[in-house]
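The structure appears below as structure tokens.
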Amino acid sequence: MSACEFESVEKCLESHLPEAELTEVQRILFGKETKKLDLPASAVEAASERDFELKGYRFDAVQEQLRPPRRIRVGLIQHRIVLPTDAPILDQITAMHNRIGELVEVAAMCGVNIICFQETWTMPFAFCTREKDPWTEFAESAEEGNTTRFCQELAKKYNMVVVSPILEREELHSTLWNTAVVISNSGNVLGKSRKNHIPRIGDFNESTYYMEGDTGHTVFQTQFGKIAVNICYGRHHPLNWFMYSMNGAEIIFNPSATVGALSEPMWSIEARNAAIANHCFTCAINRVGTEHFKSEFTSGDGKKVALYEWNESIILR
């Protein structure tokens, strides 16, 4: 959160604008009216008990004359780390698995068909520290790692496509990648999409850990539609979105881990612009909470690395 601490832009507008003006501002900012979903009372209660926010919205597309509409429910999870960043690696991963299991269970109550987690969701976003130890220990096999097996069980249990962005270790060359694993609702690994573009900006020089991906602009055919994953920094590149769309993506996910000072005014707008430009649906998410690192470094400006703060939620679209 920023120094003035507010929950969200939407809440701020709702609190300070008269209803008529609020409606007009929302029309200008968001286009067509965004309709809220009626969520099951059991899901709302479970979210409250487990201490996270649950919201649902409906977006309509133009109905065709000859084909019936497809109704797809997408879940976007934004969560915080559970344990301190210096806790044992396996304990941190296990705690994240347990937490995400709780959130996915509630998403299933809401009828979600496809769910996406944030960038490198099983670990702190430590890629500003330039320390390989211990952060590279979070890396796993995209096909056979514990996190992928965990997500396969979730997919089968809830009949849900799962998009799981992780730090991948390719065992053949012991190479690291920033990767999204896509798992079908039957539990099969459909494939993976590696981060196409990475930042080299001040503290965010991610080439210390991994390089640009080599999977191109892969689109995955699922039971619920054709999807693609444009990981984090790729959102700054309009042609990145364009290529996923040209390859047939109907929904493009943008799992991120970005901070307020760096790109808070941009990441959600970039996704909306991409949807308009490429005639598809886009789903942008970020991580939440506060992350502290004992070993910080400076990039020559005399300032410490920033701690990170976000808000925890599930967003259904």
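The values are calculated or read from the model by the stated rules, or taken from the named source; none is laboratory data. Computed from a prediction, not measured in an experiment: that's the story for all the values here. Don't worry about glycine lacking a Cβ; one is built from the backbone with ideal geometry, like all the others, and counts go over all protein chains shown.
To keep it simple, each residue is scored yes or no on (1) exposed (fewer than 13 other Cβ atoms within 10 Å of the Cβ); (2) among the hydrophobic types (A, V, I, L, M, F, W, C).
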site	(1), (2)
VAL44	no, yes
ASP51	yes, no
GLU64	yes, no
ILE72	no, yes
GLY75	no, no
LEU83	no, yes
VAL106	no, yes
GLY111	no, no
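Which pairs turn up if I take residues in segment 23-52 that are outside any helix (DSSP H, G or I) and look for partners that are surrounded by 11 or more Cβ atoms within 10 Å (Cβ to Cβ) and modelled with pLDDT under 85 with beta carbon separation below 6 Å, at least 6 apart in sequence or on another chain?
Within 6 Å, the pairs are PHE52/GLU312.
Mind checking which pairs have a first residue in segment 116-129 that is in a loop (DSSP other than H, G, I, E, B) and a second that is acidic (Asp, Glu) and modelled with pLDDT of 95 or more, Cβ under 8 Å, 6 or more apart or different chains?
THR122/GLU140; PHE125/GLU119
For segment 154-182, enumerate the residues that are in contact with a helix residue (DSSP H, G or I) (Cβ under 9 Å, 6 or more places away or on another chain) and under 17 Å from MET109 (Cα atoms).
The answer is LEU154, LYS157, TYR158, ASN159, MET160, VAL161, VAL162.
Among all residue pairs at least 6 apart or on different chains, which show Cβ distances below 9 Å where the first residue, located in segment 66-88, is within 18 Å of GLY101 (Cβ to Cβ) and among the β-branched types (Val, Ile, Thr) and the second is modelled with pLDDT under 95 and surrounded by fewer than 13 Cβ atoms within 10 Å (Cβ to Cβ)?
Close Cβ pairs (under 9 Å, with a partner that is modelled with pLDDT under 95 and surrounded by fewer than 13 Cβ atoms within 10 Å (Cβ to Cβ)) amount to ILE81/THR290.
Which of the residues spanning segment 55-106 are among the β-branched types (Val, Ile, Thr), over 19 Å from ILE166 (Cα atoms) and either in a loop (DSSP other than H, G, I, E, B) or within 16 Å of the chain's Cα centre (by Cα) (or both)? Give the steps one after another, and end with the answer.
Step one: of segment 55-106, the residues among the β-branched types (Val, Ile, Thr) are 62, 72, 74, 77, 81-82, 85, 89, 93-94, 100, 104, 106.
Those left that are additionally over 19 Å from ILE166 (Cα atoms): 62, 72, 74, 106.
Across segment 55-106, the qualifying residues are VAL62, ILE72, VAL74.
Residue-wise test of (1) under 25 Å from ASN196 (Cα atoms); (2) at pLDDT below 95; (3) surrounded by fewer than 22 Cβ atoms within 10 Å (Cβ to Cβ).
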site	(1), (2), (3)
ARG80	yes, yes, yes
HIS97	no, no, yes
ILE115	yes, no, no
GLU119	yes, no, no
GLU131	yes, yes, yes
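Out of segment 235-244, which residues are surrounded by 24 or more Cβ atoms within 10 Å (Cβ to Cβ) and of a type outside the set (Lys, Arg)? Please lay out each step first, then the result.
Initially, segment 235-244 is screened for residues surrounded by 24 or more Cβ atoms within 10 Å (Cβ to Cβ), giving 235, 241, 244.
If the condition is that a residue be surrounded by 24 or more Cβ atoms within 10 Å (Cβ to Cβ) and of a type outside the set (Lys, Arg), then TRP241, TYR244 are the ones that fit.
Under 7 Å between Cβ atoms, at least 6 apart or on separate chains: pull out the pairs that start in segment 232-251 with a residue that is at positive phi and end on any residue that is surrounded by 14 or more Cβ atoms within 10 Å (Cβ to Cβ) and at pLDDT below 95.
Filtered contacts from segment 232-251: CYS232/SER256; CYS232/ALA257; CYS232/THR258.
Out of the residues in segment 11-42 meeting the condition of being within 21 Å of ALA107 (Cβ to Cβ) and surrounded by 12 or more Cβ atoms within 10 Å (Cβ to Cβ), tell me which one is modelled with the lowest pLDDT. Spell out the reasoning first.
Step one: filter segment 11-42 for residues within 21 Å of ALA107 (Cβ to Cβ), giving 34-42.
Next cut, surrounded by 12 or more Cβ atoms within 10 Å (Cβ to Cβ) only: 34, 37, 39-40.
On the way: THR34: 77, LEU37: 93, LEU39: 96, PRO40: 96.
Going through the qualifying residues, I end up with THR34.
Could you check, for segment 113-131, whether at least one of its residues is basic (Lys, Arg) and under 22 Å from VAL259 (Cα atoms)? Talk me through it step by step, then tell me what you get.
Residues of segment 113-131 basic (Lys, Arg): 130.
The next check asks that each one be under 22 Å from VAL259 (Cα atoms); those that pass are 130.
Yes: one or more hits.
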